1. Which listed residue (THR136, HIS204, VAL214) has the Cα farthest towards the positive end of the charge dipole for segment 109-240, taking +1 on Lys and Arg C-beta and -1 on Asp and Glu C-beta about the Cα centre?
2. Over 10 Å intervals from 0, what percent of Cα-Cα pairs in segment 1-130 sits in each interval?
3. On a 32 Å Cα-Cα criterion, which of the cross-link pairs LYS73/LYS127; LYS127/LYS210; LYS11/LYS233 come out too long?
4. Determine which aspartates and glutamates satisfy two conditions relative to LYS46: a Cα distance under 14 Å, and not lying fewer than 8 residues away in the same chain.
5. Among 86-95, 164-173, how do they line up by average Cβ neighbours within 10 Å per residue, starting with the highest?
6. Hey, what angle do you get for helix 169-182 against the long axis of the chain, alpha-carbon based, 0 to 90 degrees rounded to 10?
7. Ignoring solvent entirely, what values of log10 I(q)/I(0) come out of the Debye formula for segment 178-240 at 0.14, 0.23 Å⁻¹ when each Cα is a single scatterer?
8. Hey, how many Å between the Cα centroid of segment 94-147 and the Cα centroid of segment 2-34?
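Only the coordinates and a few stated rules stand behind these numbers; no lab work does. These figures come from a predicted structure and were not determined experimentally. Glycine also receives a Cβ, built like all others from the backbone with ideal geometry; neighbour counts cover every protein chain displayed.
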Amino acid sequence: MASPEPAIAVKSLTKTFGNRRAVDNLSFELPHGAFLSIFGPNGAGKTSLLRILATLSRATSGTVLIRGIDVRKEPDKARDHIGLISHNSMLYPDLTAEENLLFAAQLYGVADPAQRVSGLLEAVELKHRRLDQVRTFSRGMTQRLSIARALIHDPAVVFLDEPYSGLDPHAVEIFDGLIAAIREDRTSIMVSHDLQKGFNMCSHALVLAKGGMVLFDKRESLDYQDFSQVYAKTVGMGVA
């Protein structure tokens, strides 16, 4: 029996800025339901790669397929399947929590947006703050609302760009629970600066250095101590 089509397929992907290669001939595939953690020092190409996958930037060459859709040829179609959670919330601070989600729902043509928004606000424990402007929210509350915004259209693929940045320990605990809940039946890719946490969360690990692939493997095939040593030797530090 033929193997099913991968959720994400990256083929010979390259992104250049002048003479610098931010992403250097990367190729990998992820099955449906996988959780990939991407590691590497500043300048390794992590964010450049994620921006290409999320259709926020165009590759210089190579191909990215999201559920079989070429993101270069059909970016709008690919976005229907993508949710993005970032350290930048991409929320409008002068709108209320409810208004932000209703606006996102309308952009995606969500059926029964009021019901969808209400359900997501409850899921991220912000229903009691639905009529408050986002500018009044703590960092943790803003990140929780950003999860709701990213999931408004029930995407099959979720990208997380350093989502824990700036969160206090209590907010991290809440955020962990939300991520655990949303990763089921979805394919996720997370850029992480925390080697231990990112490793514990992932089903697959990718290490980048100078835009190139140092390591890509299933977590079950990796021992953390060996993995961290390889990482440290390759990029010169234990945690990016």
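1. Value: THR136.
2. In whole percents, the pair-distance histogram is 11, 33, 30, 21, 5, 0.
3. Beyond 32 Å: LYS73/LYS127; LYS127/LYS210.
4. Within the straight-line limit of under 14 Å, LYS46 reaches these aspartates and glutamates: ASP24, ASP161, GLU162, ASP194.
5. 86-95, 164-173
6. 80 degrees
7. The Debye formula, applied to the Cα set alone, gives -0.41, -1.02.
8. A separation of 32 Å, based on Cα centres.
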